[in-house]
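**Student:** Take a look at the following structure, please.
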Amino acid sequence: MAHSLSPECTPLKHEYDSCFNTWFQGYLEPAVAASVDSETRSAYSKQKAEEFEQKCGKIWGQYRECVQKAVKEKGLGELLEQAREENPLKEPPQPPPEVEITQSSSSST
Amino acid sequence: MHFFSQAFQYQHPWSHVVIGMWHKYPNPHCTHVVTVDVVDRTVDPRTGIIRTERVLGCKQKAPIWIVKLFGGSQDAFVREISFVDPSSQDVTITSVNLSLSQFATCFERIRYAPAAGGHTAFTQTAEIQARMALWRSAADRLENWLVQRFEQNAHLGKAGFSDVLRTMWEAKEQAAAAAQG
């Protein structure tokens, strides 16, 4: 697992990442299967969101506190706030137009 | 503005790719990414969509002139927002640089979607744009400041030389005027 930007947060980060990954691996495929209708989907989502909070909520709180402090100490607090203001991205973006290119390309205008 | 795009397929099912994406770093092929931190994450209890905000720390071997000119360092940070939507089997990842963002932005979007044959389609687009408007306004401000300095100096030069001429010649000129009169 990758390190945290602050070495003191790395152990908390690893614990949190492990918790999330374990939860996520059990979540994803049943979540796809539960998408047959919106009722089944909501019931499953609600149950799994609660389970995630219950399993990983505590370590998340500790890791978040540590990383928030580290973000400020690295002088990234303002840059992050600015980026959030410019582009909150609270909702999934619209799918981009289909790209039919199979090879790398770059162009300039 | 520069654009970049590529698309290809991974020979793995969508769910495997999406589970795998949280294990991408550290990666010997991408040693420039050295730190990864989750700064926000929500699981929508209604839609099941997972939104994750991460900060990635990169060590870029930036050309030395860029480091000098923009006062940056070799540490660069990126903000990344991902949405995992199990119901539409859609993953979108949007990234933008935090470091040097006052000069230029690199806006990247990645998408993972199921493809035929149990494969996964990957598409990536990026827009790289220098903030020319900002550069122009900075250039304007610099020019204005230079003009003001020039005007000030021009005034000072005039006053200074007037003093020199007065000191050198005033007495003599007054004496000459008095002799004529």
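The values are calculated or read from the model by the stated rules, or taken from the named source; none is laboratory data. Keep in mind that this is a model prediction, so the values were computed, not measured. Cβ placement follows ideal geometry from the backbone for every residue including glycine, while neighbour counts extend to all protein chains displayed. Calculation scope for accessible area: heavy atoms of the full protein, side chains included, ligands and nucleic acids excluded. Shrake-Rupley method; radii C 1.70, N 1.55, O 1.52, S 1.80 Å.
**Student:** If you scan segment A:25-75, which residues turn out to be in contact (Cβ under 8 Å) with a residue 40 or more places away in the chain and not acidic (D, E)? Let's see the steps before the verdict.
**Tutor:** At the first step, the residues of segment A:25-75 found to be in contact (Cβ under 8 Å) with a residue 40 or more places away in the chain are A:56, A:59-60, A:62-63, A:66-67, A:69-71, A:73-74.
Once the filter is applied, which keeps residues that are in contact (Cβ under 8 Å) with a residue 40 or more places away in the chain and not acidic (D, E), segment A:25-75 yields A:C56, A:I59, A:W60, A:Q62, A:Y63, A:C66, A:V67, A:K69, A:A70, A:V71, A:K74.
Results for (1) touching a Pro at 6+ places or on another chain (Cβ under 8 Å); (2) touching a residue at least 24 places away in the same chain (Cβ under 8 Å), shown as yes or no for each residue.
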{"site": "B:S5", "(1), (2)": "no, yes"}
{"site": "B:Q9", "(1), (2)": "no, yes"}
{"site": "B:G20", "(1), (2)": "no, no"}
{"site": "B:R54", "(1), (2)": "no, yes"}
{"site": "B:I81", "(1), (2)": "no, yes"}
{"site": "B:S87", "(1), (2)": "no, yes"}
{"site": "B:T94", "(1), (2)": "yes, no"}
{"site": "B:Q102", "(1), (2)": "no, yes"}
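**Student:** List the helices (runs of 4 or more DSSP H) that sit entirely inside segment A:1-101 and contain at least 3 residues that are in contact with a Pro (Cβ under 7 Å, 6 or more places away or on another chain). Talk me through it step by step, then tell me what you get.
**Tutor:** Numbers: elements: A:10-33, A:38-73, A:77-86.
Fully inside segment A:1-101 and qualifying: A:10-33, A:38-73.
**Student:** Shifting gears a bit: So is B:I64 more than 7 Å from chain A (Cβ to nearest Cβ), open to solvent by 80 Å² or more (accessible area, probe 1.4 Å) and closer than 28 Å to A:Q82 by Cα or not?
**Tutor:** Considered against the rule, which asks whether it is more than 7 Å from chain A (Cβ to nearest Cβ), open to solvent by 80 Å² or more (accessible area, probe 1.4 Å) and closer than 28 Å to A:Q82 by Cα, B:I64 comes out as yes.
**Student:** Let me ask you something else. From (1) more than 35 Å from the chain's Cα centre (by Cα); (2) assigned by TED's automatic domain parsing to the domain that holds B:H16; (3) open to solvent by less than 80 Å² (accessible area, probe 1.4 Å), pick out the condition that doesn't hold for B:A116.
**Tutor:** Just one mismatch for B:A116, condition (3).
**Student:** Filter segment B:87-112 down to the residues that are of a type in the set (G, A, S) and over 13 Å from A:Q94 (Cα atoms) and list them by number. Don't jump to the end; show me each part of the working.
**Tutor:** Here is the first cut: in segment B:87-112, the residues of a type in the set (G, A, S) are B:87-88, B:95, B:99, B:101, B:104.
Listed by number, the residues that qualify are B:S87, B:S95, B:S99, B:S101, B:A104.
**Student:** How about segment B:1-60: which of its residues are more than 21 Å from B:Q124 (Cα to Cα) and among the basic types (K, R)?
**Tutor:** B:R41, B:R46, B:K59
**Student:** Starting from residues that are facing another protein chain (nearest Cβ under 7 Å) and modelled with pLDDT of 90 or more, keep the ones in segment B:15-33 and report whichever is least open to solvent (accessible area, probe 1.4 Å).
**Tutor:** B:V18
**Student:** Right, something else. Of all residues being of a type in the set (V, I, T) and open to solvent by less than 30 Å² (accessible area, probe 1.4 Å) in segment A:25-84, which is farthest from B:G57 (Cα to Cα)? Just the residue, please. First the steps, then the outcome.
**Tutor:** Taking segment A:25-84 first, the residues of a type in the set (V, I, T) are A:32, A:36, A:40, A:59, A:67, A:71.
If we keep only those that are open to solvent by less than 30 Å² (accessible area, probe 1.4 Å) as well, we get A:59, A:67, A:71.
On the way: A:I59: 22, A:V67: 13, A:V71: 11 Å.
Residue satisfying both the conditions and the ranking: A:I59.
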